[in-house]
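The values are calculated or read from the model by the stated rules, or taken from the named source; none is laboratory data. From a predicted model like this one, the values you see are computed outputs, not experimental measurements. Don't worry about glycine lacking a Cβ; one is built from the backbone with ideal geometry, like all the others, and counts go over all protein chains shown.
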Amino acid sequence: MEIFIKMVALMGVIGLVFGVLLAFANKKFAIEMNPLIHTIEEILPKGQCGACGFPGCQAYAEAVVLDKDVAPDLCIPGKAEVARKVAELTGKQADVVESRVAKVRCSQPAGKSKLKYDYSGIKDCLAASLLQQGPKACKYGCIGLGTCERHCPFDAIKLNEDGLPIVDEKKCTGCGKCEEVCPNHVMAMIPIGAHVENICSSHDPGAVKRKYCAQPCIGCGICKKACPHGAIEIANGLAVIDKHICMEKCDDPVCVDKCPTKSLQLLREEVRNKS
Amino acid sequence: MFSRGKWGIHPETHKTATADRPIESMKLPEKVIIPIRQHIGAPCEPVVKKGDLVKTGQLIAVGNAAVSSNTHASVSGTVTEIAVKPHPICGEDMAIVIESDGADQWEENIPTNRDWQAMTNEEILSIIKNAGIVGMGGAAFPTYVKLNPPKDKQIDTLIINAAECEPFLTADHRVMLEYAQSVVSGIKIMKKILGVQNIIVGVEDNKMDAVKVMREAFGDLAQVIPMKTQYPQGAEKMIIKTLLQRSVSSGQLPMDVGVVVQNVGTAAAVADAVIKGIPLVERIVTVSGSMIKEPKNLKVRIGTSFADVIAACGGFEGTPGKVIMGGPMMGIAEYTVDVPVIKGTSGILAISVKEAKKMEESPCIHCGKCVSVCPMGLNPSMLSILAEKEIIDEARDEYNIVDCMECGCCSFVCPAKRHIVHHIKYTKKLLADKAAREKGATK
């Protein structure tokens, strides 16, 4: 019994000594950190996607609090809501953040398209593109080894059974990570609510594209002529659509109906119903 | 003390099929596809246009950048197209297509007979530059750049690389046996330019007949040293280590240790260019592999399609599993036989479906075989693991990935069949992309 009391007393004294030491160290060597940084980090979506240009959410929180030149609206996944809160807390002015979503600009899954060769290297699109510009006959198209799927910080991309990525628009925050890692830049960020997108990325001449692809944009320019708002330009063999003009002015997507190869895709059915 | 035999591998050499076959000149192709990117450095600029008549040896594209190379018409005829065509390394690239008129009419003053001894070094260098001579071993680095080292580098030794350590290839072997005089003249010219006394020819000891011929041809000009047959004996840094016991450390070039290394085929090309005025329009190509009916060493015009070359060797024996440009260790698999022979094409191999069978990759078992064979003393297993996890900064800073020359010894010995070289190439690409992004961000 006596030993027991001694032990408890000894442990109590040791605990007390260390407690005092720690309390002293906590005061003496405390690192001053702006509590705002922590508050802002909590607000950020924490996908660690790097879309803001900083290595991770904490780095951006620090930068936005400490550097007055860093804008409060850089967090793309956070959209306008986060930008507004960050701007409020830091006393900065937030611009309007445009909400974006990822779109796959290729219609031909690798599993069903014409191939140049049988690829057996490591399972990564960039690694495959190192050898003769990739195994697919179309060197601009989706290689289909899922690099975007693996890199998506929000788990918004899934490959379908033929190897074409499908974007879950509910989960996609528009951070642009997939656009960055895709060696062929098949993934593109488009504004949420865009009406029409060209689902072809190939810059080959039209006749060449027709040989390897069932649904290519042949750069014929029919859509450009059909569009009454001048929203379409043909650049480098591809129809490029200014989605903002569509969203402002268009209520009848004639370009989609006129496209001979069905390479222009109507993204919102309700646009047509409006007219 | 330098010790040998601690690196490298001993793959079956497969050289007997073509080693005894004299070089044959292939008949003129009907059409040549001459890419503007055949060498290390900037691509050259076409100076002809569609419809132009060109003669053999005429300059058709110039390389104006500091490291680049000129390109010449390899047949006489009409330029029919300047367009994107299949390329053996890049997949597709810009190329000049010439339809042959069959006459093979050479540019004026070719061939000529010049007295190089009367020329200054600058004159000779400009001839080599204008003739578009590049390293004929396979990497195709412009020769005039190597022969013109910065003034502050003291060069004391010229090594002539005749190791030809890649299996199957016998092009350099035949060049030594048949063009010994050209090789000797080429070496004399390079000796004059570099002002060196010490010249060593390194030959692997599976080519003793070539060693004998070279010794007779050289006399006192150069020492011919047989080296142990092991891959990659012919890599620049390895041949320097073997012959001179000098190590080229990380980030250094051979000229930093006072050495210039030139391929034996390059020496012959230099002699042809300087003495006869013939630019680089043809090269020796070994066509071999189990699926080629009649393996041969062929003298082929640059731009001839693989299909034509293979047809000149009797065609395929059945359906090949893979067609490779270069040797089996470092060569590049082709997706079509429409790709042209370029300046760096040392061989064309066709192997069977069985030989080309796919290897399913499995996790690294840390056996350390790749570490023991790596000629650069790297840790390939770790590099492949870091590549899988995309930890690229560590691969660069702590595992010296930039020193890897992609010789393929590690992948060759790996019992887990890991694509180690592919992982390393992938990491290098990621590092290059990252560097490009950072450069763009600071601008």
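Scanning the range B:307-341 for residues that are more than 14 Å from chain A (Cβ to nearest Cβ) and part of a loop (DSSP other than H, G, I, E, B) yields B:Cys313, B:Gly314, B:Gly315, B:Glu317, B:Gly318, B:Gly327, B:Pro328, B:Met329, B:Val341. Just checking, which of B:Lys192, B:Lys237, B:Lys228 is in contact (Cβ under 8 Å) with a residue 60 or more places away in the chain, basic (Lys, Arg) and farther than 30 Å from B:Ile401 by Cβ? When all the criteria are applied, what remains is B:Lys192.
Can you find a residue that is under 15 Å from the mean Cα position of the chain (by Cα) and either part of a loop (DSSP other than H, G, I, E, B) or within 28 Å of A:Ala188 (Cβ to Cβ) (or both) anywhere in the range A:80-95? Among the residues of the range A:80-95, not one is under 15 Å from the mean Cα position of the chain (by Cα) and either part of a loop (DSSP other than H, G, I, E, B) or within 28 Å of A:Ala188 (Cβ to Cβ) (or both), which makes the answer no. Taking the listed residues B:Val300, B:Val248, B:Val257, the one that is modelled with pLDDT of 95 or more and either out of contact with any strand residue (DSSP E or B) (no Cβ under 7 Å at 6 or more places or on another chain) or over 22 Å from B:Ile9 (Cα atoms) (or both) is B:Val300, with no other qualifying. Can you say whether B:Pro86 is more than 16 Å from the chain's Cα centre (by Cα) and not acidic (Asp, Glu), as far as the supplied structure shows? Here the answer is yes, as B:Pro86 does meet what is asked. State all residues of the range B:185-222 that are surrounded by 14 or more Cβ atoms within 10 Å (Cβ to Cβ) and either polar (S, T, N, Q) or not assigned by TED's automatic domain parsing to the domain that holds B:Leu125 (or both); if no residue qualifies, say none. Of everything in the range B:185-222, those that are surrounded by 14 or more Cβ atoms within 10 Å (Cβ to Cβ) and either polar (S, T, N, Q) or not assigned by TED's automatic domain parsing to the domain that holds B:Leu125 (or both) turn out to be B:Ser185, B:Asn198, B:Asn206.
Restricted to the range A:112-132, and to residues there that are over 24 Å from the mean Cα position of the chain (by Cα) and either touching a residue at least 40 places away in the same chain (Cβ under 8 Å) or under 19 Å from A:His185 (Cβ atoms) (or both), the residue that is nearest to the other protein chains (Cβ to nearest Cβ) is A:Gln132.
For the range A:2-48, a residue qualifies if it is assigned to a loop (DSSP other than H, G, I, E, B) and touching a helix residue (DSSP H, G or I) at 6+ places or on another chain (Cβ under 8 Å), and the qualifying residues are A:Asn34, A:Leu44, A:Pro45, A:Lys46, A:Gly47, A:Gln48. Remark: pairs (first residue in the range A:172-192, in the same structural domain as A:Ala102 (by TED's automatic domain parsing) and on the phi < 0 side of the Ramachandran plot; second residue modelled with pLDDT under 90 and among the β-branched types (Val, Ile, Thr); Cβ separation under 6 Å; 6+ apart in sequence or on different chains) = A:Cys175/A:Ile76.
Among the conditions (1) surrounded by fewer than 22 Cβ atoms within 10 Å (Cβ to Cβ); (2) under 18 Å from the mean Cα position of the chain (by Cα), B:Leu244 misses just one, which is (2). The set of residues in the range A:244-275 that are closer than 17 Å to A:Pro228 by Cα and β-branched (Val, Ile, Thr) comprises A:Ile245, A:Val254, A:Val256, A:Val271. Within the range A:140-157, restricting attention to residues that are part of a loop (DSSP other than H, G, I, E, B) and without any contact (Cβ under 8 Å) to a residue 60 or more places away in the chain, the residue that is farthest from the other protein chains (Cβ to nearest Cβ) is A:Ala156. Suppose the filter is modelled with pLDDT of 95 or more, more than 30 Å from A:Asp204 (Cα to Cα) and not assigned by TED's automatic domain parsing to the domain that holds A:Val167; does A:Val70 pass it? For A:Val70, the condition - modelled with pLDDT of 95 or more, more than 30 Å from A:Asp204 (Cα to Cα) and not assigned by TED's automatic domain parsing to the domain that holds A:Val167 - is not met.
Each residue in the range B:377-429 was checked for being within 21 Å of the chain's Cα centre (by Cα), aliphatic (A, V, I, L, M) and within 14 Å of chain A (Cβ to nearest Cβ), and 2 pass.
Exactly one residue among A:Cys255, A:Cys223, A:Cys217 is under 24 Å from A:Gly206 (Cβ atoms) and touching a Gly at 6+ places or on another chain (Cβ under 8 Å), and that residue is A:Cys217. Only a single item in (1) farther than 30 Å from A:Pro216 by Cβ; (2) surrounded by fewer than 19 Cβ atoms within 10 Å (Cβ to Cβ); (3) within 14 Å of chain B (Cβ to nearest Cβ) is not met by A:Ala94, and it is number (3).
Matching residues to (1) assigned by TED's automatic domain parsing to the domain that holds B:Asp209; (2) part of a loop (DSSP other than H, G, I, E, B); (3) closer than 30 Å to B:Glu12 by Cα:
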position	(1), (2), (3)
B:Ile124	yes, no, no
B:Val145	yes, no, no
B:Pro149	yes, yes, no
B:Glu166	yes, yes, yes
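B:Ala103 fulfils the conditions (1) touching a Ser or Thr at 6+ places or on another chain (Cβ under 7 Å); (2) within 14 Å of chain A (Cβ to nearest Cβ) except for a single criterion, (2).
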